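What follows is calculated from the coordinates using simple rules that are stated; it is not laboratory data. Small disclaimer: the values here were computed from a predicted structure and weren't measured. With ideal geometry, Cβ positions are generated from the backbone for all residues, glycine too; neighbour counts draw on all protein chains shown.
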Amino acid sequence: MHIDPTLSHVLLHEQENQSQRSVTTGPTSHVLITPPPGPDDLTRIEQQKRIAPQDIVQFQGIEIDLDQLDELNNTGDSGEDVTFDIRTMTPREMVDFSLDLYIEGSLSFEEYSMLAFQPELHPGFENTIGALTGERADPDRPRDYIQQWQDRFDFEKRYPSGDPKKLEQIDRILGVLHGFEETLDFVA
């Protein structure tokens, strides 16, 4: 949450106005008059604003400051190009990435749950799904998640599950993943 530093000045000004009204209209025993901040106070407030914690997200070793992202893109100051390679993510990386997408608001909770569910991370995978398919769990092997979700979309179209929202959710997940296939400019 970002609070505008000029808001404190507005609140102080309003408090002064109320204090002055109470001086002229009522008893003076409960009057609280706060002087406006002086130059030293303004300098201290500005320094605290600079060192305040920022909204920083880490993705594949890159720190991304979400508060300054729009400012950097609008000023034309571009850092290194970062590609979110959805086509070579491991299941472990996809779990973290899907949480970031949910926190960011790109995915609903249901869509996040679908994308974050990675069966190979379950300790009983080899005794259940692995026993049926003959595959061993390999959660560190890269996958092409766009192709996986496209296959899932095609399957749902051919064999509907009876849940009309499911096809829409899969389509939305595909749209978000395709959006991250493009190169984005971030400052590392």
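Using mean Cβ contacts within 10 Å as the protection proxy, how do 37-44, 170-177, 105-112 order, highest first? Can you show the working numbers first?
Details: 37-44: 10.6, 170-177: 18.1, 105-112: 14.9.
The peptides rank, most packed first, as 170-177, 105-112, 37-44.
For the range 153-164, just list the computed ³J(HN,Hα) in residue order, Karplus coefficients 6.51, -1.76 and 1.60, θ = phi - 60°, integers in Hz, with x standing in for Gly and Pro.
5, 4, 5, 5, 5, 6, 10, x, 7, x, 9, x
Take the Cα atoms of the range 89-188, find their three principal axes, and give me the spread along each one in whole Å, biggest first.
Principal extents (Cα only, largest first): 44, 37, 21 Å.
Counting Lys +1, Arg +1, Asp -1, Glu -1, what net charge surrounds Asp163 among other residues with beta carbon under 12 Å of its beta carbon?
-1
Can you list the residues of the range 125-153 with backbone N under 12 Å from a point 7 Å past the Cα of Lys166, pointing along Cα to Cβ?
Once the point is set 7 Å along Cα→Cβ of Lys166, 152-153 turn out to lie under 12 Å by backbone N, inside the range 125-153.
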